[in-house]
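Reviewing the structure listed below.
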Amino acid sequence: MSVLVINSGSSSLKYKLLEPASGQEYASGLVEKIGDTEGIITHIVDDNKTVLTFPIADHSQALEQALRLFDTHGPDLHAQGKQAIQAVGHRIVQGGMYFSEPTIIDDEVEQHIEELIPLAPLHNPAHLAGIRVARQLLPDIPHVAVFDTAFFHSLPKASYTYAIDRNIAAKYQIRRYGAHGTSHAYVSDKVARFLRNDQLKQIVLHIGNGASASAVINGKAVETSMGLTPLEGLVMGTRCGDIDPTVVFHLYREAGMSIDEIDDLFNRGSGLKALAGDNDMRAIKERMDHGDEIAHDAVDVYVHRIAIYIGSYTAIMGGLDTITFTAGIGENSDVVRSLVINKLAPFGVFLDEKKNKEPSKEARIISRDDSSVKVLVVPTNEELSIARQSIKAIN
């Protein structure tokens, strides 16, 4: 049996049809530039790629077109046998205090996801649109919400509590929720299985355009870098990460910027994009190779922040067994991995630079045999995790 996984972004919709037990992918696709003058749909089955370009007004039309491509190019979503759809899994960034596990979607669940829009204004509206359209177009199949925040429901109070008035915090649901939890859960479990040891103190670094760190003890998250929203924490592609909250007041009073303008600055106009003028690490690395000082400075800030989190999480856990890199930059940038781990040499953490530079799509150890901490690269697979959690929810 297969699961159709849907990930609705603000202007995009990703989907994948796969078999949860084996991880076999039957098809995948991406609808881009929803709402623009010309959208792009890419549908892949085996090695066959279909690309169409035409205006796509909204998520409803995006999903309708995606399902039409299944009808035209396969696989048949209405087939019987091994490719028959057993569930539709939806990635949801913010589950708030309502959801700590994958949940079958009904009208009440939809209502709660809508209530949580203020905590994830860039994500939950798009997720909700995808859910509503999918439930209309595939009404006879159970739909399951899988929440990025669910893995971090295990955080201790000392981690998730902000030091503000407790009544205000409770009234407005202000606490650390985290994000990328589906990836952190998948990768930390993969590390435990790979090393055949489920009693580990782990740090997982999910480093892509969005970036987050987590501390995991024996499979349970005890710390994470993202907070009330995905803005807090590491330097990211376009997000600033940690910043003195007074900067908001300062820009409001001295620069005359509105709250919406500051919000846009922190979320879309900061991070690597602000420091280097580009949020593509490949382009930044190329500029570094040519002696670009601005690119070097940007990466120094980026790596410095990661090192701070590694040190603090090691202290919180009372030790460390593994550091794992995942997501786009974490999996593909040997330079970032090297710069981060080299800062840990005084603590006996060493990379095997040959292993670090060898490209691979498989989980692997890239540290030296004499390293005090094992350093790994583990490709994340959020879609597979969502598919497996969806099956768990309906059974």
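Coordinate-derived values only; no laboratory data. Source: prediction; values computed, not measured. Quick reminder, even Gly has a Cβ in these numbers, built from the backbone with ideal geometry, and neighbours come from all protein chains shown.
Working note: Cα gyration tensor of segment 213-315, eigenvalues times five, square-rooted, sorted largest first, giving semi-axes of 24, 22, 11 Å. All other residues whose Cβ lies under 11 angstrom from that of residue 390 are scored, Lys and Arg at +1 and Asp and Glu at -1, for a net of +2. Each principal axis of segment 93-157 carries a Cα extent, and these read 41, 22, 16 Å when sorted largest first. Largest GNM mean-square fluctuation among 255, 179, 129, using the chain with Cα springs under 10 Å: 255. Amide hydrogen proximity for residue 375: with H placed 1.01 Å from N in the peptide plane, the residues at 5 or more positions away or on another chain lying under 5 Å are 323, 366, 367. The GNM of the chain, with springs linking C-alpha atoms under 10 angstrom apart, assigns the highest mean-square fluctuation among 25, 286, 353 to 286. Net charge in the neighbourhood of residue 240 (other residues with Cβ under 13 Å of its Cβ; Lys, Arg +1, Asp, Glu -1) is -1. Among 247, 373, 31, which one moves the most in a GNM of the chain with springs linking Cα atoms closer than 10 Å? So, out of 247, 373, 31, the one fluctuating most is 247. Helix content alone sets the calculated 222 nm mean residue ellipticity of the chain: runs of n ≥ 4 DSSP H residues at -39500 (n - 2.57) each, divided across all residues, give -11500 deg cm²/dmol. For the chain, averaging the sequence separation of C-alpha pairs within contact (under 8 Å, six or more residues apart) and dividing by the residue count gives a relative contact order of 15 percent.
The trypsin sites (Lys or Arg not before Pro) of segment 134-230 that DSSP puts in a loop, and whose beta carbon has at most 16 other beta carbons within 10 Å, are 196. Sorted largest first, the spans of the alpha carbon positions of segment 2-147 along the three principal axes are 42, 39, 23 Å. The C-alpha atoms of the chain define a longest principal axis, and helix 181-195 lies at about 70 degrees to it. Taking Cα atoms only, the orientation of helix 259-268 departs from the longest principal axis of the chain by about 90 degrees. For the chain, the longest principal axis of the C-alpha atoms and the axis of helix 124-137 are separated by about 20°.
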